[in-house]
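Engineer: One structure, pasted below without further comment.
Every number in this text was worked out from the coordinates using simple rules, so none of it is lab data. Here the structure is a predicted model, which means the values were calculated and not measured. Glycine gets a Cβ as well: all are built from the backbone with ideal geometry, and neighbour counts include every protein chain shown.
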Amino acid sequence: MMKNKSALKKSTLLIILVSLFGIYILSPLPVAANPQISAALTVAGPDDSFIAADFVRSDEKPISVLAQIGPLTPPWDFVPLTPIYQVSLPEGKLKPGETYGVELDYPANPETDNLYKQVFFFDRFTNNWHPLPTIENPQRRVVRAQVPFTFVRLAVLANEKVLATGQASWYAYKGGMFAASPDYAKGSVLRVHNLDNGKFVDVTVNDYGPNRALHPNRVIDLDKQAFQKIAFLSEGLTNVKVEPLKSLDPVISLVRPAGGEPLLAGWSGIVMDAKTGEVLWEKDSQTVKPLASLSKLVAAQVFLDTNPDLEAVATYKLQDEEYNYEHCEPWESARLRLKEGDTLTLKDLLYSALVGSANNAVETLVRYSGVSRLEFIKRMNEKVSAWGAASTSFIEPTGLAPANVSSPYDYAIISKEVLKNPLIQKISTTANYNFSTLNTKESHRLKNTNPWVGQNLYNLGGTKTGYLHESLYCLMNKVTTKSGAELIAVNFGSPTRAASFTDNDQLIQYGTRLLSQ
């Protein structure tokens, strides 16, 4: 992680003191190999007066800056771009409510130049890094942040998963000040600066894109109307910097522990080597909780064990969805909009269950399995028990019941076994599935509940999402890394949908890093 160590020594720190009298710029402090720097700094007011002399009195109350590379360590998933600066202001220099600005430069590096950079401060009592609101000037290679502490340790860290500078294109969709971003959740507000002409536009994220696997340098796509605010449509692409004004993505605002472990927002999680079953990392992974719609993968396997003809025609009965309503209100259940007597194939039902997570489709499959509903649920329990998932239990096949329980450890075992079925792999990683009922010709369009499917972010070999009020957001992804390793990442109890994907992404990235060491 310290591959830029030689470059770090060349950074500088500029302190800007914000007082009742205005902004005062203190001289840049060069960082030498001998990191201890302590001096009374020359301060000039905006009109070259000596008002600031009240804040710096020769050698009596110096501002101390210690630039150090160790022993503090950055978060495992961030790249350090500067030394860690320890800044100490004299007692009484900073009044309540006042802040001072820091401006830090960072070295050029093609591997990190386009990444999102933040100033973090280190809390020595909790061993955590906390992000500060940061503004970057990529042309000057500097970042600025306001600091409210008289004693603080600061560093510039680059987020390996988020781009800040690159190219922007445009699209015609809803029309307005909107954008598609792969880095920020829907509802986030971003300021997009045109680096070529200085114009900027504020946009709200309302879609996902561009696909970084196809366009690695595209930082954002703007709605046509927003793009016209900063560039001509005929340009097609323009160079931009993205500045978050209101981020709903936990990656941007998350406190990170020093050193080497993920910080999950959810209750529990695990990353497992899918080939060997080795647990690479876990957090409370044997804690038993409701698993919601993750139940459906087991139901799918039990149904396929009956060797059905997937082209066979099924007739829908409203009684199938009545089982769902024993555990939720009708409007709370994800379901296929079918009427009594509608006909469709078993294949359509299986895709509906795993792609769209339709609960009524699962119950129809159970009815057509050739065994009673009670026997079907019994087989689900027997199967996972035979696989070694001893803490998992089902009372119904969809996951709507909070009494369907498992743990991340158990579900990683389940995923390892169930995803040996190539059909379940294929269906669960299908981005969209369309079909029409045979009797009415009414079309149905299903979109995978996992937005990663079809985006080429990872080489997915299986996935399932889940949510209940009692379970919060649950997620399982199986991925193949660039080196050919196979990982299963499972997290339970993430507080938001976005957080569930952030948690899972951390598990995948951390597992990948461990296997590469």
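Engineer: Taking the Cβ of each residue in Arg337, Arg153 as the centre, tally the other Cβ atoms inside 10 Å and list the residues starting with the fewest.
Structural biologist: Values: Arg337 10, Arg153 19.
Listing Arg337, Arg153 from fewest to most nearby Cβ atoms yields Arg337, Arg153.
Engineer: Arranged by the count of other C-beta atoms within 10 angstrom, fewest first, what order do Val156, Val288 take?
Structural biologist: Values: Val156 29, Val288 16.
Least to most surrounded, the residues fall as Val288, Val156.
Engineer: Which net charge results when you count Lys and Arg as +1 and Asp and Glu as -1 among the other residues whose beta-carbon is under 10 Å from that of Glu486? Walk me through the numbers before you get to the answer.
Structural biologist: Values: positive: Lys275, Lys416, Lys478; negative: Asp273.
Surrounding charge for Glu486 is +2.
Engineer: If I model a spin label at Asn432 and His469 as a point 7 Å from the Cα along the Cα→Cβ vector, what separation in nanometres do I get?
Structural biologist: Rounded to a tenth, the inter-label distance reads 3.5 nm.
Engineer: Would you please give the FRET efficiency between Ile395 and Glu91, computed as 1/(1 + (r/R0)^6) with r the Cβ-Cβ distance and R0 = 56 Å, to the nearest 0.05?
Structural biologist: Values: r = 64 Å, r/R0 = 1.14.
Given R0 = 56 Å and the Cβ-Cβ separation, E is 0.30.
Engineer: Quick one: pull the percentage of alpha-carbon pairs in segment 164-252 with a separation above 14 Å. Please report the intermediate quantities before stating the final value.
Structural biologist: On the way: 2229 of 3916 pairs.
Result for the distance tail: 57 percent.
Engineer: Which order do Tyr323, Tyr173, Tyr106 fall in if you start with the one that has the fewest other Cβ atoms within 10 Å? Don't skip to the answer; put the middle values down first.
Structural biologist: Details: Tyr323 19, Tyr173 14, Tyr106 25.
Listing Tyr323, Tyr173, Tyr106 from fewest to most nearby Cβ atoms yields Tyr173, Tyr323, Tyr106.
Engineer: Another question about this same structure. Between segment 354-406 and segment 94-139, what is the separation of their alpha carbon centroids in Å?
Structural biologist: 49 Å
Engineer: Starting from the Cα of Gln286, step 7 Å toward the Cβ, then list every residue of segment 393-407 with an amide N under 13 Å from that point.
Structural biologist: Under 13 Å, as judged by backbone N against the label point of Gln286, lie 407 of segment 393-407.
Engineer: Now, a different point. Would you mind calculating the relative contact order of segment 268-516 from Cα pairs under 8 angstrom and at least 6 residues apart, reporting the percent as a whole number?
Structural biologist: 25 percent
Engineer: Now for a different question. Report the calculated FRET efficiency for Thr480 and Lys447 (r = Cβ-Cβ distance, R0 = 35 Å), to the nearest 0.05.
Structural biologist: Values: r = 23 Å, r/R0 = 0.67.
With R0 = 35 Å, the Cβ-Cβ based efficiency is 0.90.
Engineer: With label points built 7 Å along Cα→Cβ from the Cα atoms of Thr343 and Leu195, find their separation and express it in nm.
Structural biologist: Calculated label separation equals 6.1 nm.
Engineer: What's the FRET efficiency of Asn127 with Phe151 using the Cβ-Cβ distance as r and R₀ = 22 Å, to the nearest 0.05?
Structural biologist: Values: r = 16 Å, r/R0 = 0.75.
Efficiency computed from Cβ-Cβ geometry: 0.85.
Engineer: Calculate the radius of gyration of the Cα atoms of segment 124-282 to one decimal place, then report Dmax, the largest Cα-Cα distance, as a whole number, both in Å.
Structural biologist: Cα radius of gyration and Dmax of segment 124-282 are 18.4, 54 Å respectively.
Engineer: Multiplying the sequence separation of Glu375 and Glu111 by 0.36 nm and subtracting their Cα-Cα distance, what value in nm do you get? Mind showing how you got there, number by number?
Structural biologist: Values: separation 264, 0.36 × 264 = 95.04 nm, distance 5.62 nm.
Residue separation times 0.36 nm, minus the Cα-Cα distance, leaves 89.4 nm.
Engineer: Give, in whole angstrom and from largest to smallest, the semi-axes √(5λ) of the equivalent ellipsoid of segment 268-516, with λ running over the eigenvalues of the Cα gyration tensor. Before the final figure, lay out the partial values.
Structural biologist: Values: eigenvalues 168, 71, 55 Å².
Each semi-axis is the square root of five times an eigenvalue, giving 29, 19, 17 Å.
Engineer: Continuing with the same structure: Over segment 214-354, calculate the relative contact order: mean separation of alpha carbon pairs under 8 Å at least 6 apart, over the residue count, as a percent.
Structural biologist: 15 percent
Engineer: Still on this structure: What distance in nm separates the two pseudo spin-label positions at Lys186 and Gln139, each 7 Å out from Cα along the beta-carbon direction?
Structural biologist: So the two model labels end up 3.6 nm from each other.
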